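I have placed the structure first, in the form of structure tokens, so that the comments after it can refer back to it.
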Amino acid sequence: MKNLFKLFLSTLLLTSCNSNERVSKDVFEEVNKSMEVKKLNEADIIQAAMVWGEEISTEAQKQLITALQKAIADDGVPEAIKFCNVNALPILKEVSDKYNVEIKRVSNQYRNPADQPLEFEEGILDTYVYNGENDIANEPSIQKIEGGEVLLFTKAIMIPNALCLNCHGQAGTEISSETQKVLDELYPEDKAKGHKIGDLRGMWSIRLPKKEVVKNM
């Protein structure tokens with residue numbers, strides 16, 4: 001630090017003696033960085049968690065949809081269901097590991113039993129359901145859990161288009177008999193049918209360790 005100050009002062013003196021000389025930008029930024037003390041309040045951290053959670057959920061959604069669309073294009077809807085059965089959770093695990101967070105999709109109308117909500121997630125899901133039934137916009141939210149050491153980002157998952165109805169729509173019409181057969185085999189407790197475009201499908205539940213949020217700021 002002392003050496004940086006000496007270098008900075010020397011540069012300033014040189015500048016004052018010769019108007020054609022300029023203070024080095026790199027030196028100035030280095031000194032400024034060394035002197036800076038970053039002060040974060042709780043509101044800053046919550047806002048950062050909200051932004052980061054949105055980025056992570058968007059990436060996870062994009063990876064899942066891209067993989068599903070390719071599977072449908074290559075092999076059709078029934079085979080794509082088999083693909084999701086094997087690959088959906090590993091795809092989410094890959095994104096989770098990339099950011100050192102924990103990513104889940106949860107739903108009261110789950111297909112995979114692994115997507116059942118935990119008790120504290122049920123209350124948030126109920127809020128999203130209530131909002132949908134009363135034409136209230138479902139906004140992402142942050143909840144403090146584990147004594148505030150983890151920030152839980154949640155975001156509603158909606159049925160966006162007709163493609164999703166091939167396996168989440170009405171059985172016998174939007175869901176073909178062949179697709180239904182695969183669903184019955186892989187998900188005997190399936191509760192994820194009967195949806196229409198715009199329905200609430202569930203929510204993203206992303207556990208963001210507070211220390212990781214701060215590191216990402």
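On the given criteria, is D126 free of Cβ contacts under 8 Å to residues at least 24 places away in the same chain and part of a helix (DSSP H, G or I)?
Answer is yes for this residue.
So in region 141-157, with the set limited to residues that are under 16 Å from the mean Cα position of the chain (by Cα) and open to solvent by 40 Å² or more (accessible area, probe 1.4 Å), which one is nearest to R105 (Cα to Cα)?
My answer is K155.
Cβ separations smaller than 6 Å between residues 6+ apart or across chains give the following pairs from region 158-171 residues that are open to solvent by less than 30 Å² (accessible area, probe 1.4 Å) to residues that are of a type in the set (D, E): I159/D199; L165/E174.
Out of everything in region 172-217 that is more than 28 Å from S141 (Cα to Cα) and among the β-branched types (V, I, T), what residue ends up being surrounded by the fewest Cβ atoms within 10 Å (Cβ to Cβ)? Looking at the filtered set, the residue picked out is T173. Scan region 173-193 and tell me whether some residue there is touching a Lys or Arg at 6+ places or on another chain (Cβ under 8 Å), farther than 22 Å from V51 by Cα and free of Cβ contacts under 8 Å to residues at least 40 places away in the same chain. There is at least one residue in region 173-193 that is touching a Lys or Arg at 6+ places or on another chain (Cβ under 8 Å), farther than 22 Å from V51 by Cα and free of Cβ contacts under 8 Å to residues at least 40 places away in the same chain.
Checking each residue in region 95-138 for being within 22 Å of I56 (Cα to Cα), of a type in the set (G, A, S) and touching a Leu at 6+ places or on another chain (Cβ under 9 Å) picks out S107, A114. Of the numbered criteria (1) in contact (Cβ under 8 Å) with a residue 40 or more places away in the chain; (2) open to solvent by 30 Å² or more (accessible area, probe 1.4 Å), the one P90 fails is (1).
The values are calculated or read from the model by the stated rules, or taken from the named source; none is laboratory data. This is a predicted model, so every value here is computed, not measured. Please note: Cβ atoms are built from the backbone with ideal geometry, for glycine as well, and neighbour counts cover all protein chains shown. Side chains included, ligands, DNA and RNA excluded: accessible areas come from the protein's heavy atoms. Shrake-Rupley method; radii C 1.70, N 1.55, O 1.52, S 1.80 Å.
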